[in-house]
Each structure stands twice: as structure tokens, then as C-alpha cells.
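Notes follow once the structure below has been shown.
The values are calculated or read from the model by the stated rules, or taken from the named source; none is laboratory data. Given the structure is predicted, the values throughout are model-derived calculations rather than measurements. Positions of Cβ are backbone-derived with ideal geometry, glycine not excepted, and every protein chain shown enters the neighbour counts. Each accessible area value is taken on the protein alone, full model and side chains, heavy atoms only, with ligands, DNA and RNA left out. Shrake-Rupley method; radii C 1.70, N 1.55, O 1.52, S 1.80 Å.
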Number of protein chains: 4
Amino acid sequence: MLTIANRNFHSRLLLGTGKYPDYSIQKQAVDVSEAEILTFSVRRMNIFEADQPNFLETIDTDQYTLLPNTAGAKTAEEAVRTARLAKASGLCDMIKVEVIGDQRTLLPDPIETLKASEILLEKGFIVLPYTSDDVMLAKRLQDLGVHAIMPGASPIGSGQGIINPLNLQFIIEQSTVPVIVDAGIGSPTDAAQAMEIGADGVLLNTAVSQAEDPVKMARAMKLSIEGGRLGYEAGRIPKKTYATASSPTEGMSIG
Amino acid sequence: MLTIANRNFHSRLLLGTGKYPDYSIQKQAVDVSEAEILTFSVRRMNIFEADQPNFLETIDTDQYTLLPNTAGAKTAEEAVRTARLAKASGLCDMIKVEVIGDQRTLLPDPIETLKASEILLEKGFIVLPYTSDDVMLAKRLQDLGVHAIMPGASPIGSGQGIINPLNLQFIIEQSTVPVIVDAGIGSPTDAAQAMEIGADGVLLNTAVSQAEDPVKMARAMKLSIEGGRLGYEAGRIPKKTYATASSPTEGMSIG
Amino acid sequence: MLTIANRNFHSRLLLGTGKYPDYSIQKQAVDVSEAEILTFSVRRMNIFEADQPNFLETIDTDQYTLLPNTAGAKTAEEAVRTARLAKASGLCDMIKVEVIGDQRTLLPDPIETLKASEILLEKGFIVLPYTSDDVMLAKRLQDLGVHAIMPGASPIGSGQGIINPLNLQFIIEQSTVPVIVDAGIGSPTDAAQAMEIGADGVLLNTAVSQAEDPVKMARAMKLSIEGGRLGYEAGRIPKKTYATASSPTEGMSIG
Amino acid sequence: MLTIANRNFHSRLLLGTGKYPDYSIQKQAVDVSEAEILTFSVRRMNIFEADQPNFLETIDTDQYTLLPNTAGAKTAEEAVRTARLAKASGLCDMIKVEVIGDQRTLLPDPIETLKASEILLEKGFIVLPYTSDDVMLAKRLQDLGVHAIMPGASPIGSGQGIINPLNLQFIIEQSTVPVIVDAGIGSPTDAAQAMEIGADGVLLNTAVSQAEDPVKMARAMKLSIEGGRLGYEAGRIPKKTYATASSPTEGMSIG
């Protein structure tokens, strides 16, 4: 059970809604993923562009918790403005704070992310900041009172998976709120690894929407996240340099 | 569907039966794993030691395909003798050839493994050799006519996972028979990775039987192997050095 | 040639002076390392404790550039106070800003590091901040005008080497000042890797002072840093999945 | 000191002579590398093609020990024939046995390598087989009496470096003859790593000859191999998960 700000979710997979080949595939992928939290860019709500297809019309907002993000914001001010727009829709009070510091790496700006999170917390938002895997920055965000920490595994859309499992481990060890690994997950193996390290959830988008078969990949992610979580709970064997027999190698004479 | 020597299996997990805390946990773990092929050391059949508990009495041999292994053999001759003992039981005609060259690393002896496989194929066995990840050795075994190749990921019971994914990839690319990653798998992430590389199955034992909660770990492995396989089939996104936005970052003015 | 704030150094190795078995070994290690910049904790200057052995008495301050660090500081204020103490000695105007956010991981606090760097730059110090490998934070420090960026490879004294080469690459690509990899280097291989990624220098301490033979390790580091740097300049071959013959495999008939 | 069959060498770098841009660069690279053993394909000796440039004319055969290889051989028989041709030249009695099993991966055929090694040992050659990193195969070769073991780090010319350091460690631990890491080394970091694992030497070719600046890369390799070896001898610090201060963080009050 994943609990964010007193809301409970059975699924530990948060699914992004961008860049699917078409709406039908998006809908099927969302279905089989069994995700309960869907993320999307506020910029895609098209609140003020009524003539364009609206993402929200395709989603049953009773069934899903919406987690809009502030993608496109380069400053805290822009992120706050975007978050308020999202809330004004009446559809959501959670916000994924995403303030990008560099267009090539899409890595988050730590200072503006802190600022935006502080302001939005004051305004009563449920705040889930996308952050780097900087351990002390995650601590700072947690001290502000954010409702989850969302460290990146590697650059957004890069599919490189978890580059620094140690930092994720440190963030998870110190965290008093859920840690959701966000950005860079490329495959079911990556998602399972995040869960085995002890993450409370995984947020991914491109790995599913841009897979050759997004619907099948959505199911793959669901299964591997469940498998990784169970593996974490089950307590894995320690790693050893040398071998240990699983079958007896001594003592029974045969023939 | 995993097909070995014209027999079809829904599950791609082959589960070892050694070193569980007790028979009840072993049975539950086997159940939830949904494995259809169970491996065990012929030395544990206790055919000639009727007073000791017999592993085979605890297993429904109608439901499961038994894959005895020749653990304990140090030469081809010993492996062949052990295999014949197993077949004489009338319970199985498959054999996992396991000829260990060194007790510290439990790595297989390539020459004796080749020899034993050749002899057992001549005698009509269905032969699945445990081998290192040596690519050319796997080719040699395949050329002999073995029914599956079972390369190790890392030393038996070490839990180190897949050390050389490139060799596994090469073995899978060249292989005309199923490739089942055997030995060294420590966690659901490792199992998912084996499947993503394109393995046809995963054989594991210690990772489940020696986990803190073997039953939960058995389920974790089942899920992650399914997830990894689906991920392989779904076609993952390529890895990129730099980032790629999943949300539009340009062009929509907000406010 | 490494240039920091218009000063040129032949050596790209910055050596820490802490935790050597004794002064004699420290001196020999410093000698064979051919380091020109030596780091030490201001707390070890013992300026006000004249009865205790003073590190600075063992070092020829004409020959070496001293880089005191603010180890022990938990806030910008403490770091600034420590830096001013160091400068008051008249022996140095460079300062390695080190503000630790957590005693277990010894990872730097990003906000206090930024603050301390800003204040010390205003006061005319040559400022080299120890920072995490957060790319955007490194950018922020650079924008302040620091004279070098010193990202950690992994936790101080952990010997884990470079966990996230991608972040180091990004920091180096964006940087307009020298990037000196600091903290976590455990072996000559790690040091060579830092240089191959394109770092301008490597700062290390424990890897030498706590090696079984610190003097030999000092020489090992000197050589591997030179080797890694030359390798970077020489332009390595690309990595390929498949093989490429170095010897002709076709066309010449023999016998 | 590297000792092969009672001959001593100061350098632990064995350098290949193939694929340099031109003879002048080859000569300079050989010079600065300070290698004492040079490898080349017997096929390039052009013994019977007197009208073509001969590699051996460019090398001072008094100064260097020549290590011809049997590149191009696909069977033991071909390798033996090639080795005998080389010996007939009167220039060398060492032979690098190289029997390739697959043209795409250029990985060695274990059975033919064993066979060729056995025959050549009987004929009095000093035999250095190129082998995979299969630990038990290396043991088999050693038991035959070969004079060094040359396991590949990764496919020839791939520049992927050491994929399986554990297998190299096992081979080195068990070996009674020198272990020379051969094939796949791409950069000074890779070479340093091989030495730190405890290899007695490194053989490389493409990493130098196809670098953008082969002469500079030759020097880089020389330095990093020396650095890696010294690091091995100096006894590196253990790796730790958490941090350890190199400067005192407690106890001295300042100001």
C-alpha cells in the first residue's frame, strides 16, 4: 500500500500520459498498468484552448488520481503559476513540482525546486517535487514538509535506469515520506531494481509510451514493480564472492 | 511458452528444491512460483536410503516435470552414472548435466561437461547442461545436440546476478535451442534482466530457498520473470546519453 | 597544466594530508606524489594550541600551495569563520568550502555550500567548493564565480570510486572553471577514470594515507592520473558490441 | 618484473603491432610504450611475399622479444602450422595461440585452443594461449603446462574493457603462471583495472594503434599499467558503504 498525504493506493506505479502513439493505446496502457495515479503536463490540459483535444476528456477522473506536473517551468514563479492553473480546474490538488535547470539534460534546478515547493506547501497543495538524487537536497525538501520525494534515476527519457543506487538508498533510509523514483527508468529490470532498493513507487512515462508495444510494456512494468517490491519485502540472500552449493556435494554415496 | 524437446511449459521459471527451511515452506514456494519444472540433486532422491525423508514423496510427479541434476559429479563418468540412476527411477528422462571443476567457485568443467553431454545424448536422455557463459563452449554444446543451454550468471549461490550480460546476449543470439540462465541469480531484478536480454527461462534455487521469506520471494521471482519477458517482447526504448522530454516544453503559453 | 585562479600547476593531483601513519610517511608520500597543492583541515592548524604538533611545521610552504578546508562546518557561518581563521595565518588565500549536511554520509549541504561560497567570494577568497555531483548545483556554484568545482565521486573515505560518471561528464561539459573530482576515489583505476572523463584534477586523501603502503600508493596515483589524462587527450577508441580484428584474418595464404 | 618461461621483462605491457596509421607512428608508439614484447600476426611476416613491406624489417629484433600469434587459425591444425612457420624464421620460439571460433565475436574456441596448446608444448614452443575468461578452461590450460594464460577482457577490438572482473580474479588466484589480460582493453582505466585485480601483464593493440593519437596513448597505457600495478602492490583501502572522515570532525574548538 502506497500512502501519499493520507491517500492510499494499491499500485506503486505512477504512469505518465505523454507521447503515446494515440489515445486508444494510451487508454489500454493505462488500463493494464493498473496505475491509480496519472501524471500529465498542465500545459496539455488545454484549459484555454477548447478547440484542441483535451487529455482530461479521455480519462475517468473519478477512477484516477491526477498528478499534474509543472513541466516547462524554469523558475519557481512559473511552477507556482502552473500549479495554480491546475488546481483552478477543480480536478486535482496534488502537484508534481518540476523546475528544469537545463534543456539538454532536463535536470532539476535545486534552488527553484525548493522555492516552488515551499510556496506551494504554504498554499495548501499536496507537493511531490521531482528532484535529482542529491541526498541532502532530498533532506531539505523533506524538512519543508513535502508529501513525497521523487528523485530521478537518470535523465528524463534517457532510459539509462538507476545510475546511482547508493544515493537512492541513502534517500530512502533517511526519508519520512514516500520516495518515488522518477525519470530515467527504461525497462522492467530498472523498475524492479528501484523497488528492491526500497522505493515506495516508480513514476515512468517514456519507457511505456515509446516502447514498441506500449500496452505490453505497461503490463511488464506492473509485474516487475510488484515483483521488485515483493523481493524487497522477502529479504534477498546476501551477495558472496565465492559459490555456495544448493545441492549437497558431499556425503551420499551413489552407486 | 517455453519449449524443451517438444514439451511445452507456460512458466519460464525452473525452480530448485534444495535448502528450504522445511518441507512445508518448500511446498508453498513451489506452489506460488507456478514453476512446472523442478530441479533436484539425484543424490537427494535417497533411492537406496529408504529410511530417510525422500524429496520425491513431497512432490506430485504428475503435475511437475522433474529435472534431476548431477551435482556432486567431478567427471563425465560420475555424471553419466548419476544420470542413469535418476532415469532408472522411472520418474524422469531429462537430466541437468552438472560437472563441477572446482569446489570453491563451483564453476563447471567444460571438457567433462561436453563429454557427459555427448554420452547422455547417445543414450537418449534429454540433456540440459549447466555451463559457464563461454560463448564458444555453448556453441559446442549446441552442436552436440543438447536440448537447452544453461549458462551461469555468476557462481552458484553467490547471488551476484548477471556479471557478463554480453556473453549471455551472444549465447542467446547464436542459440537454436532454449537458453536458461542458471546459477547466480540473487533477486527479482536479476531474473528480470535475464529475461530482458532474451533468455528463454531462468533456473534458480538459493535465491528463493534461502531468502528470509522463501514463499514471498518465489512469488516475486514469478512476477519479475513474467515482467522481464514481456519487457523483452514489448521492445524497450533505446538508451540515450541526454534527456528527452515526455511533456511538451515549448509552444503552449499558459497565463 | 592545471590553472586555478591564474596559478599554474604541473600536477593534477591534489593531496590531502590527514590520517597518515606518521609524519615521515606523510612527507615521503607527499614527495613521490609530486602534488603541488596540499589540503588539510583548518582544525588541524592548531593555531591557538601551540603545544601540539603543527601540520604546517612539517610542510615547506614555499614549495606547496596550501588548500585548507572547512571540514567540521555544518553551516555557512561556521565555514566562513573557519576560512577567515585560515587566511589570518597569512599562509593561504585559497579555501576548500566543505559544509557537511549529514555525519553518516558526509555529503555536502547544497544550500549552505552555496551561501558560504558566495560570502567568501565577496571577501576575496579563492573558492573551491566541495559539492555533490548534482549538475545544476555545480552550475549554480559556477555562476557565483567559484574558481573550481569539486564534485564528489562517492562518499568521503568510502573508496567506492565514481558511481555516476554521467553527472561528472555533464558537470565537465558545462564547466568554465576547472573540475576537480574530490572524495570517494579508492584506487588508481578510479583516478584514471576521473581523468579520462575529462576532469582537470583529482583530490584524494584516504586512498593514499590509509593504503597499506601510502608511499607506493602515492606514486601509483601520480602515474595513473598522468596516464588517465594522456588517455583523455589521446582520444580513445569507441566501444563496440562486436569484435574487430587487429590482425588480418583474411587473404594471406600461409603454407 | 614479469617472468615468462624464465625470461624477465621490466615492462608489463605487451604491445600489438597491427593497424597503426603508418610505420613511423608504429615505431614511436612502440618506443614510448617501453614494451619489451611485441605481438604480430604470423600472416603479416610475409615470409614468402618478399615484394611486400615486412613488419619485421621495422623492428629491432635484438631489442624486442617477438610474440607471433596464430590469428586467422580456426582449428588447432591451422594454429600449429602457423606457429611452425613463425619458428622457422629463426626469430622467435614463443607463440600466442589464437584459434577463433566465431568471426563476429572473435572469441576463442576452447577445444581447439587446448589441442593446439598441447601439440605446441610437445614441440617445445613457449606457449601463451589467448583464451576466454572461463576459469576452468584456464585451469585446464595451466595443467597442460602453458607458460602464461591470456584471458580476454571483452571481445577483440571492442574497447569494452573488463566485463567480468570476478572471473579474472579467480583465474589469477588459481594461476601458477603469469596471467596477461588480452583483448578488449579500451583505455588506460581498463589497463589500470586489470593490473589492480592482480594481472601480471596486459596485452593490447587496437586501443593504442587506433586511438586518435597512438603515440600519446602508448605512453598513457605505460603509465596506467605502472600505476595499476603499484596500486595492487600498495594495498588499496577497503570499500565502505558509508563515509569516513579524513579530517577530524570533532574535538578541536576553533574560535
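Shortest first, residue C:90 label-point distances to identical copies amount to 7.6, 7.7, 10.2 nm, with the label point at 7 Å from Cα along Cα→Cβ. Taking D:197, D:237 and ordering them by how much accessible surface each has at a 1.4 Å probe, largest first, produces D:197, D:237.
Pairs from the list A:96/A:139; A:139/A:239; C:222/D:240; C:115/C:139; C:115/D:240; A:239/B:74 with a Cα-Cα gap above 20 Å: A:139/A:239; C:222/D:240; C:115/D:240; A:239/B:74. Label point of residue B:239 set 7 angstrom out along Cα-Cβ; within region D:128-164, amide nitrogens under 16 Å from it belong to D:155, D:159-164.
For the segment A:100-109, counting C-beta atoms of other chains within 10 Å of every residue's C-beta and taking the mean gives 6. Label points for residue A:7 are taken 7 Å from Cα along Cα→Cβ. From this copy to the others they lie 5.0, 5.6, 7.5 nm apart, shortest first. Ranking of D:96, B:139 by solvent-accessible surface, largest first: B:139, D:96 (1.4 Å probe, protein heavy atoms only, all chains present). Here the dipole of chain D is about 240 debye; that uses its Cα centre as origin and unit charges on the Cβ of Lys and Arg (positive) and Asp and Glu (negative). Computed per residue of chain A from DSSP H runs no shorter than four, each worth -39500 (n - 2.57), the mean residue ellipticity at 222 nm is -11000 deg cm²/dmol. Per-residue mean of foreign Cβ neighbours for C:12-21 is 1 (Cβ atoms of other chains, 10 Å radius).
Connecting C-alpha atoms closer than 10 Å in a GNM of chain B, tell me which of B:227, B:124, B:198 has the biggest fluctuation. Result: B:124 has the largest fluctuation of those listed.
Counting only other chains, and only Cβ atoms inside 10 Å, what mean value do you get across the residues of D:181-189? Intermediate results must be reported in sequence, preceding the final value.
Details: counts 0, 0, 2, 3, 1, 7, 11, 17, 16.
Mean partner-chain Cβ count within 10 Å for D:181-189: 6.
Computed over chain D with a Gaussian network model linking Cα atoms closer than 10 Å, the most mobile of D:243, D:83, D:199 is D:243. Shown for residue C:24: label points 7 Å from Cα along the beta-carbon vector, and their distances to the equivalent points in the other copies, 5.3, 6.7, 8.4 nm in ascending order.
Is the protein assembly as shown rounded, prolate or oblate when judged by the Cα gyration tensor, a ≥ b ≥ c being the square roots of its eigenvalues, rounded requiring a/c under 1.5 and prolate requiring a/b larger than b/c? List each step's numbers first, then the result.
On the way: a/c = 1.81, a/b = 1.13, b/c = 1.61.
Here the protein assembly as shown falls in the oblate category.
In Å², nearest 100, what accessible area do chains B and A bury in total when the solvent probe is 1.4 Å?
Values: alone 13080 and 13060 Å², together 20220 Å².
So the total buried area for this chain pair works out to about 5900 Å².
For residue A:141, the accessible area of its heavy atoms, probed at 1.4 Å with every protein chain present, is near 0 square angstrom.
If R0 is 25 Å, the Cβ-Cβ spacing of residue B:169 and residue B:5 corresponds to a FRET efficiency of close to 0.55. The two copies A and D are related by a rotation, and the chain A beta carbon nearest its axis, with distance in whole angstrom, is A:239, 6. Summarising the label geometry, the points placed 7 Å from Cα in the beta-carbon direction at residue C:60 and residue A:89 lie 7.0 nm from one another. From the Cα gyration tensor of region D:10-234, with a ≥ b ≥ c the square roots of its eigenvalues, which class applies: rounded if a/c is under 1.5, or else prolate if a/b is larger than b/c, or else oblate? Oblate. Overall, the anisotropy analysis places region D:132-255 in the oblate class: the square-rooted eigenvalues a ≥ b ≥ c of its C-alpha gyration tensor yield a/c not less than 1.5, with a/b not exceeding b/c.
For chain D, modelled as a GNM whose springs connect Cα atoms under 10 angstrom apart, the maximal fluctuation among D:104, D:229, D:84 occurs at D:104. Per residue, the solvent-accessible area of chain C (1.4 Å probe, heavy atoms of protein chains only, all protein chains present) comes to 35 Å². Whole angstrom only: what separates the Cα centroid of region C:188-222 from the Cα centroid of region D:68-109? Region C:188-222 and region D:68-109 have Cα centres separated by 39 Å.
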